[in-house]
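Below is one structure, written out as structure tokens; the observations come after it.
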Amino acid sequence: MRERPFGAWRAGAAIAAHRARRYLPSGLAWAAGHAMPLFTGLLLKAIFDRVSGDQPAYATGLGLLAVLVAVEAGRGGAIWVGIAVWPAWWQSIGAWIRSGLLESVLCDPGPPVTRLPSTPGEAVGRLRDDVEDLIRFVDIWVDIAGAAVFTAAALVVMARISVPLTAVALLPLAGVLIGTRALSRTIRRSHERMRERGSSVTGLIADLFAGVLALKTAGAEARALARLEAGNAARRHAAVRAQLAVNLMQSFSGASAQVTTGLLLLLAAGAMRQGGFSVGDLALFTSYAATLTNLPRWLGRTLGAHREAGVALGRLARFDADRRPEAVVARRRPVPTGPAPAPGERLRRLEVRGLTARHPGSGAGVFDVDLTVEAGALTVVTGVVGSGKTTLIRALLGLLPAESGSIRWNGAPVADPGAFLVPPRVAYAGQVARLFSATLAENVALGWPAGEADVLAALRAAQLAEDLAEMPAGLATVIGSRGSRLSGGQLQRAAVARALVRVPDLLVLDDVSSALDQATEERLWRALAASGLTCLVASHRPAALERAGRVVVLDRGRVVSDQSLPVASLQAATAVSPSAGSGSRASSTEREVGPANERA
């Protein structure tokens with residue numbers, strides 16, 4: 001039997017079940033608020049029937065009026081409880097879905113780049129707008145549940161009074177179903193276009209803020225603003241079309257409900273003239289007729305929200321490795337991690353054989369690359385700009401998808417590099433240092449269990465100690481968004497320190513000294529070469545190449561040279577290098593890096 005696709009209804013059920021203890025009580029309060037007019041109509045019928053009788057009103061209706069006031073007060077109290085409790089459920093569900101999607105991006109097997117939209121702004125837009133569309137769909141359920149309970153009970157009461165009039169009350173439901181079927185495709189297409197336009201504008205705004213200095217220096221302010229205005233115009237046009245489609249459905253249901261109310265009053269007037277309809281019956285029908293219009297309205301909103309939730313579910317499934325809609329609302333498991341290193345097992349050899357990885361757009365990449373990294377060696381991958389150095393590093397670490405090839409750690413195959421080649425086995429610092437608006441200590445540790453002494457040792461090893469001494473707040477210095485309060489060289493060294501504080505078996509660096517002055521760059525590479533750490537470096541800088549124990553040259557994504565230097569030659573080159581400085585400086589550097597290596 002073919003399994004039913006996972007759609008918006010099943011996703012909504014999973015959302016409602018996740019916080020059922022909070023959803024059900026507050027939802028019942030909302031539903032009660034919609035259903036309690038049933039008692040109001042019955043009380044009005046009793047009051048008007050008694051008032052229109054032979055006995056005086058004060059002797060027959062005052063007690064019922066008191067009950068009516070109590071019912072209306074209870075209804076107001078139920079609605080107040082729903083208003084007070086509902087936001088907590090809404091926010092907790094939103095946080096649950098968003099954190100789960102972010103967890104999928106970070107922790108699912110395979111390269112994270114395959115699970116991200118084209119821009120960070122688009123990802124933010126999906127996490128904001130599409131998640132709210134899903135929650136709003138479930139939010140409406142409690143309203144339509146209350147309206148459905150009222151409608152079912154009211155129709156039973158009304159049918160006992162007059163079946164023809166009750167049949168007329170069902171006309172709005174048929175009208176809503178017909179209108180929904182006619183507009184469903186339009187709603188889905190227009191809503192999807194609106195969300196796409198909104199995501200593109202969000203992405204553009206993020207890019208404009210990130211590149212404000214580049215726009216200013218290039219004199220491109222007017223063109224950037226014009227592009228933003230054009231994007232907003234397209235977004236506005238798509239939003240108007242989407243809202244128009246939803247409003248058409250709601251207006252259709254509302255209009256059919258109003259027509260039905262008029263028909264009810266006309267037929268009731270005729271029945272009263274014939275004596276088969278009392279004043280109390282008219283009061284009940286009039287009261288119910290006004291409230292019966294709620295179900296068609298809520299039904300129209302629910303069906304429209306269902307289409308929007310279906311679009312949102314498909315867009316949010318982009319964050320899952322397999323594009324599974326059910327993963328959007330899956331119950332979260334503990335964050336998976338690669339198997340921990342065996343006690344005493346250190347890296348002896350990392351082998352890469354036949355690694356091929358291409359960029360989807362251009363087809364460029366690396367092809368059939370063989371690479372061996374020996375323990376304790378400084379291995380440098382070099383080549384001209386565009387030769388594939390960064391692609392090789394990222395494909396090796398599982399950050400980019402690889403078409404073919406194998407990776408072995410101490411002879412054992414690595415099935416998922418993205419989960420296995422992580423701290424404490426491997427630490428990585430990329431070309432662009434990604435720092436956050438937090439303190440320097442927080443950026444270096446970044447969640448790693450490292451004390452202040454460990455952070456300071458890593459900063460010294462990364463040659464950032466002198467800069468740290470000039471910061472009045474020291475490790476507590478807040479470096480600003482994306483490290484805006486640090487220079488380019490300080491950003492790169494902070495990223496190296498973040499990798500070093502994890503005390504990895506293998507340190508992977510990708511062009512991390514391009515922004516350093518010559519003296520600082522010399523000290524950094526001399527310290528790394530003398531530390532005994534196993535390093536894999538992508539660089540074309542002379543300071544790195546002259547200290548390499550192994551040099552692999554790439555050209556157009558292929559290995560054209562692979563040379564290994566004897567350890568003795570490497571030590572001699574490091575010792576006699578003109579830029580090595582005095583012996584006391586070298587021994588000081590060894591002391592800075594040495595303790596971190598011993599902690600491994």
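Miscellaneous remarks
- For R493, the conditions (1) within 27 Å of S387 (Cα to Cα); (2) among the charged types (D, E, K, R); (3) in contact with a strand residue (DSSP E or B) (Cβ under 6 Å, 6 or more places away or on another chain) all hold with the exception of (3).
- Close Cβ contacts (under 6 Å, 6 or more residues apart or on different chains) running from residues in region 231-260 that are more than 18 Å from D133 (Cα to Cα) to residues that are surrounded by fewer than 17 Cβ atoms within 10 Å (Cβ to Cβ) and modelled with pLDDT under 80 comprise T260/L171.
- Residue count for region 146-160 under the criterion of being hydrophobic (A, V, I, L, M, F, W, C) and either within 9 Å of L295 (Cβ to Cβ) or touching a residue at least 60 places away in the same chain (Cβ under 8 Å) (or both): the result is 8.
- Looking across A210, A218, A206, one residue alone is of a type in the set (G, A, S) and either buried (at least 19 other Cβ atoms within 10 Å of the Cβ) or at pLDDT 75 or above (or both). It is A218.
- Within region 498-528, the set of residues being part of a strand (DSSP E or B) and more than 13 Å from R541 (Cβ to Cβ) comprises L506, L507, V508.
- If you filter region 14-25 down to residues that are loosely packed, with under 13 Cβ neighbours inside 10 Å and of a type in the set (G, A, S), you find that the one that is nearest to D133 (Cα to Cα) is A17.
- Qualifying residue in region 230-241 (condition: closer than 30 Å to M158 by Cα, surrounded by fewer than 20 Cβ atoms within 10 Å (Cβ to Cβ) and at pLDDT 75 or above): no
- Scanning region 287-304 for residues that are modelled with pLDDT of 75 or more and either under 30 Å from R10 (Cα atoms) or surrounded by fewer than 20 Cβ atoms within 10 Å (Cβ to Cβ) (or both) turns up S287, T291, L295, W298, L299, R301, T302, L303, G304.
- Remark: pairs (first residue in region 122-142, assigned by TED's automatic domain parsing to the domain that holds T202; second residue among the acidic types (D, E); Cβ separation under 8 Å; 6+ apart in sequence or on different chains) = D133/E308; R136/E308; F137/E308.
- Residues (outside any loop (DSSP other than H, G, I, E, B), closer than 17 Å to V328 by Cα and small (G, A, S)) located in region 1-39: A8, A11, G12, A13, A14, A16, A17
The values are calculated or read from the model by the stated rules, or taken from the named source; none is laboratory data. Predicted model, so just to flag it, every value in this text is computed and none were measured. Heads up, the Cβs are rebuilt from the backbone with ideal geometry, glycines too, and the neighbour counts pull from every protein chain shown.
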